[in-house]
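**Q** One structure, pasted below without further comment.
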C-alpha cells in the first residue's frame, strides 16, 4: 500500500496535533509541579525559621533557669 503525498502530509499533521496536545498536558503538569515545589520550599523556610526561634527560646530559657538556680543557691546560703 503506497501512501500518497497528501496522505503522508495529513498523517503528519494529525501526529503533530497529538504531540502538541501532549506537550500542553506536560506543560500543565510541569506548572503544577513547580507550584508544589514552591509551596514545599516556602514550608521548609517557615519550618527552619520556627526551629531557629525554638532553639533561641530554648537557649534563653536554659539561661534563665541557670540564673534562677543560682539565685536559689544564694538564697539558701543566707
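**Q** Looking only at residues that are part of a helix (DSSP H, G or I) and surrounded by 10 or more Cβ atoms within 10 Å (Cβ to Cβ) in segment 1-11, which one is nearest to the chain's Cα centre (by Cα)? So that I can check it myself, show each step before the final result.
**A** Here is the first cut: in segment 1-11, the residues part of a helix (DSSP H, G or I) are 5-11.
With the extra rule that they be surrounded by 10 or more Cβ atoms within 10 Å (Cβ to Cβ), the set shrinks to 7-11.
Numbers: 7: 48, 8: 46, 9: 45, 10: 44, 11: 42 Å.
Once the filter is applied, the top-ranked residue is 11.
**Q** What pairs can you find where one residue is in segment 49-78 and in a helix (DSSP H, G or I), the other is exposed (fewer than 10 other Cβ atoms within 10 Å of the Cβ) and modelled with pLDDT of 95 or more, and their Cβ atoms are less than 8 Å apart, with a gap of 6+ or different chains?
**A** Short answer, once both residue conditions are applied: none.
The values are calculated or read from the model by the stated rules, or taken from the named source; none is laboratory data. If you're wondering where the values come from, they're calculated on a predicted model, not measured in any experiment. We place every Cβ from the backbone using ideal geometry, glycine too, and count neighbours over all the protein chains shown.
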